[in-house]
1. Counting only residues that are at negative phi and among the aromatic types (Phe, Trp, Tyr), which one in the stretch 212-263 is surrounded by the most Cβ atoms within 10 Å (Cβ to Cβ)?
2. Among the listed residues 670, 685, identify the single one that is modelled with pLDDT under 90 and on the phi < 0 side of the Ramachandran plot.
3. From (1) in a helix (DSSP H, G or I); (2) touching a residue at least 40 places away in the same chain (Cβ under 8 Å), pick out the condition that doesn't hold for residue 515.
4. Going through the stretch 279-321 one residue at a time, which ones are assigned to a loop (DSSP other than H, G, I, E, B) and charged (D, E, K, R)?
5. Can you confirm whether residue 878 is in contact with a strand residue (DSSP E or B) (Cβ under 8 Å, 6 or more places away or on another chain) and in contact (Cβ under 8 Å) with a residue 40 or more places away in the chain?
6. Out of all the residues in the stretch 843-888, which are in contact with an Asp or Glu (Cβ under 7 Å, 6 or more places away or on another chain), within 25 Å of residue 736 (Cβ to Cβ) and not hydrophobic (A, V, I, L, M, F, W, C)?
7. Across the stretch 1060-1091, what is the number of residues that are under 13 Å from residue 1137 (Cα atoms) and at pLDDT below 80?
8. Output the number of the condition that residue 821 fails; it satisfies all remaining conditions of (1) modelled with pLDDT of 90 or more; (2) under 30 Å from residue 753 (Cα atoms).
Amino acid sequence: MELELNELVQAWRTCMDGSIREQTVRENAFKYIENFKQTSGNILDIGFYLAFQKDSFELCHFGLQLITHTIKFKWNEFSEHMKQEIKDRLMNMIINLDDNQNIKGPSYLKNSMCLVIIELIRREWPQNWPNLMPDLFDISNKSIEHKKLIFIILKYISEEFIDADSSQTATMPSQRRKDINQYLNQHMHSIFMFYLDNLEHCFHLVNENGSSHLVELTNTCLDSLSHYITWININLILSRNFSVINISLSLLSHESLCINSAKCLIALSSRKGTADERKPLLGMFSDAVLSQLINCVKLCCQNSKFDGLLKYLVQILVAIATQLNFLWSSSDFERPANLSIYLNAAYEFLINENRLYSFEAIQLWNVLLQNQHIQMDKDVHHYVNMIAQALTNTYLLVKFNYASMSEHFDSEEEFNKFCQKYRAELSKMMRNASHLNTQVYFMQVHQWTLKIISQTSCLSPSDQSGFDASSMLYLCWDALVFLWTSLANVLAKHAPDPVKSKLIELLHAAIQLKCLNPNYASFNYSFISSILSLSCENCECHAREAIVKTVFEKLYTDLMVFRTETAKHLHCGAKTKFYLNLRRQLSAVLLTVCKNYSKILFNSFEFIFKSLVQVIDSAETTQMEKGILVQALVHLSNECETNQIQMSLVEHFLVPIKQYFETKSHELTNIESFIGLVGLRDSTNLNALENRKIIFYYVNCLYGFLKCIELKKSQNNEQISSLFVAIFQSLVYLLKSFNQLHSVPNVNKEFLDMTDSCKNLILGMHQEKHGRNHISLSCTSDSIVEQSDKIQMFIYNTYDTLNQLIGLYMTKFKHELLLVDISTNQSYLDFLYKLGDALFASFNDLPSFRVRYLIRYVLKSCLTSIFFDKDLISAHQNSFILKLDELMLEYFLPAILARINQANKLFGHKTEQNYLDMNKELQSQIIEENQYTLMCRDLVDLMRTFLSFSQPGEPKGEETMDENQNQEMLVEHALAKDAHSGHISELAIFLLKNNKIVYQSTILCLFDGLNWPDSYCCVRLLRLSQSLLDKHPIVEQPSEHFALLLNEQISERMFTNCLTALQLHGEHQEIASLLTNLVYTMYEKSPIFYRQVYNRVITQIPNLNSKVYDEFVFKFEKKSSMTGEKAKKDLFKKIIQPIVGKNIGQLHKYDIQIRVLEPLNLNSRKVSADATNGTETNICSLFDPNY
């Protein structure tokens, strides 16, 4: 044992020694420790020995960890005598603290000691340890240190067994949880009295003595009590003349005890329960309580030592508001007498300079103002009007920066999240408050708006405040736009007559503002956008027409002005960017006006057309602006009763596009020529730069044109359609060239990568402020973005738009494509295969984020472009669109399935070489695995669309995945949905019956996907697989046509994947239940020759109960009506029980401390190559948890 102890300590010291740089040395030491924890028979003796070491607190802590590990994972292996011995030794450690001075040391040692006791309590209490509470209470009488330990243990008991949010509580068996809660309820009185007696005792001693030991004990008592105060009966809390409340209030003025006292009061004020249980909490509105809280607020303002208390004081007020909101549910509620005092405190916190306190107060007001009965109170109305004044008279709306609040946040990212929450809650409060008195709020904002516009109009042309985000006028403009955006909906619904006329006055003031500063002008255009619709809705027809035309004229005139201003500031890159952004915003606002008020502006179409075409044809106009302005013209042309104007736009804008692509046909069809065309090998080539601009503009112009145009069904659109078809063929070649770039070895792969902003979004990082894209305000002639970055952005954005354009084309011309019979139209047949060739060119080399474009924009658009019923399929079996759906699925599904299975093997395999450059490699792998997971989810969504696409207007069974949600939320959302209706689309039935590749690939996608590591994919595919089994069986004998398409290898692979999915996802009970039902249904509905295949798989399950298996097979072969389905299903559950996934806590046999985090491991189980190729699988290895 001594040798083993020395080796273990040496390994531990190696792991803890930060000076050792060799990773292999540390890994070997780590492996030794983990192997020791698994195999050593002396782990307890060594753990207790180390726990009493006086030389090192860290070594003592390590010993306690060894004891904890043993209790966690080996407790059931011990005899009753051994268990009792361990309990006695641990309790003696607590009782005899003088023998173990280390426990009196750092707080983490106390916590570690208490956690060991908690592990015992989880397993032994109360059934084998009925005297635990009395024993703990007796131990606490020994000394102050003993009391501290007992308070910590009680706190952990609450966290483990009472708190609803505790992860341990959620995973604990329901019967154990029920027994523990029942015991705690039985001893509630003694537990609370133990706290109360000690708290009163400490309170008196602190007032008399105030020693540091007593203060620390009192803090520990309050901290522990705050975990129980939400659970203990309210009558006990109010006992002894409100002793707990009075002591907590008194200690608020104690410098060292105020925080934990406040936490107790917050926990008390936040209690949940029935109205009768909450009603006593209205005592928090009493004179004594409110006066003490207000006195503490004053104390915090006068004494900087109490700065941290203010945050908790406002949280107490918020908790009180929650109780008031719950109880004030009728008009006969007895209003608290001191409500006005409380509201005044809430208002003062609202206008406090510290945004943390202000944020809490905003939430408080939102709680109050959402209650219709509280809204009617006169004092509430008074303070609502005061809030209206505070919005414009204080800095409540003013944006704040990270530099001023950095001390309160760990990172700028955390600060930005707080800012978003702050403004969201503030916007909600303004909407709630303005509902009560819309006119007062509007008039207050009206005056403030006129004041800001007036100040801006008086600025000199040389004023630079608009370029300073910290200048007061800049902040006021930002606040003004935010305020109007928040109030727009309220004003639209509740605007009184005086408000309507004032709105038009404000709009005219904004229109008349002439300001050359791009940032102030940008704010002004945002303001105009927010009130334009309000102004138009509240005026007569002729006045509305005049307003819209005036706004359009203002926007167009300013667009011309700022083109000139941009040219003046080309020497300064930063200012040029401001002006370019402003022009883009101007173009977007102009597009919105043309779209929303196209009927009004159509009367002036000829003038508008000439004006905008002049801008579009100008060399000074950016490609983005050109595309936006073309969309504006298309929206106006849709108002024409004929398609003549649309034809004129087509001839003006699309014919040059067609001609350009025709002249570049060689470059588009030859990859080397294409590389030279866009300058991928010479980024400084000016001709290539011009080509990139033209291609980018033409692709975006086509997309905007096709997206906005509304073809007249009563008109002959053949000329328009034929032109689009001609251009579309060139786009197909362009897409193929983009895809082929990924296969060309000597092309800079950075050009084909994601942009930095997209990567940082995935990594949860922000753009570097002083990186290569940083823009300085100093004069420079350099371009704003490096040429390499421009090429990357060109490829990234053009490729994205190109995929959307192809999908949009299929949707926009769906009826024309449906009528094309490819059996008699060779040109369309050739085009069909060219399109398939372009879409899947270099498919295996495409990164996951580009495959996602293909799935989301092209494949899904094609499958949903037309709803096929039986009659439509029968009438158009040779239509272009139907054959395209079949071709794409036939190409895509086998390719994506092989890609995913290969990726699972690669992500599951890690070598030392992968981590030579940890920073770069780690980030790269996280990004790739993130996109891989999202690609799998997109594929699942595509399968759902293919199998269950319903006619537009019908309710959908499920919603599209929101990738912003975390994994757990997505899985719960998918499980919460009702099981799919079982409807399989006619298109899916037709293709599954008539195309063997589509059928087999679909089946393999459904069942292979169950074995993917993403639980969300598993749940979605479970629903689809079950529906296919129930409604259109894939294995049942009556479905002869379906059954003929299967073979023995695919059947074995399907069944195996179901069982391995149980091993992978079986720790989730609902998923395990669904999987069990699916695999049993497969077995039950399969013909006998398939069952024989399944039986071969079952017999390879480790630890198979042969007796149960033989009985199960006998019952199925018996074919007797006396054999109940429940009995067979219960036997089946027993058979597969050894492979059902274990609870997470059971899977990890030891605690792992990772010093350098490795990349995400999407598939911890290694899969043999045969498992993904349809060949005979090694079933035992798949089920082996150690493989």
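1. So the first thing to find is which residues in the stretch 212-263 are at negative phi, and the list is 212-239, 243-263.
If we keep only those that are among the aromatic types (Phe, Trp, Tyr) too, we end up with 228, 231.
Numbers: 228: 21, 231: 18.
Taking the candidates together, the pick is 228.
2. Details: 670 fails: modelled with pLDDT under 90.
After applying the criteria, what remains is 685.
3. (1)
4. Residues of the stretch 279-321 that are assigned to a loop (DSSP other than H, G, I, E, B), as a first pass: 286, 303, 307-308.
307 - this is the single residue of the stretch 279-321 that is assigned to a loop (DSSP other than H, G, I, E, B) and charged (D, E, K, R).
5. Details: in contact with a strand residue (DSSP E or B) (Cβ under 8 Å, 6 or more places away or on another chain): yes; in contact (Cβ under 8 Å) with a residue 40 or more places away in the chain: yes.
Spelling it out, residue 878 is indeed in contact with a strand residue (DSSP E or B) (Cβ under 8 Å, 6 or more places away or on another chain) and in contact (Cβ under 8 Å) with a residue 40 or more places away in the chain.
6. 848, 852, 853, 856, 879, listed by residue number.
7. Looking only at that region, the number is 2.
8. The one condition residue 821 does not meet is (2).
The values are calculated or read from the model by the stated rules, or taken from the named source; none is laboratory data. Keep in mind that what you see is a predicted model, and the values were worked out from it rather than measured. Cβ: placed from backbone, ideal geometry, glycine included. Neighbour counts: every protein chain shown.
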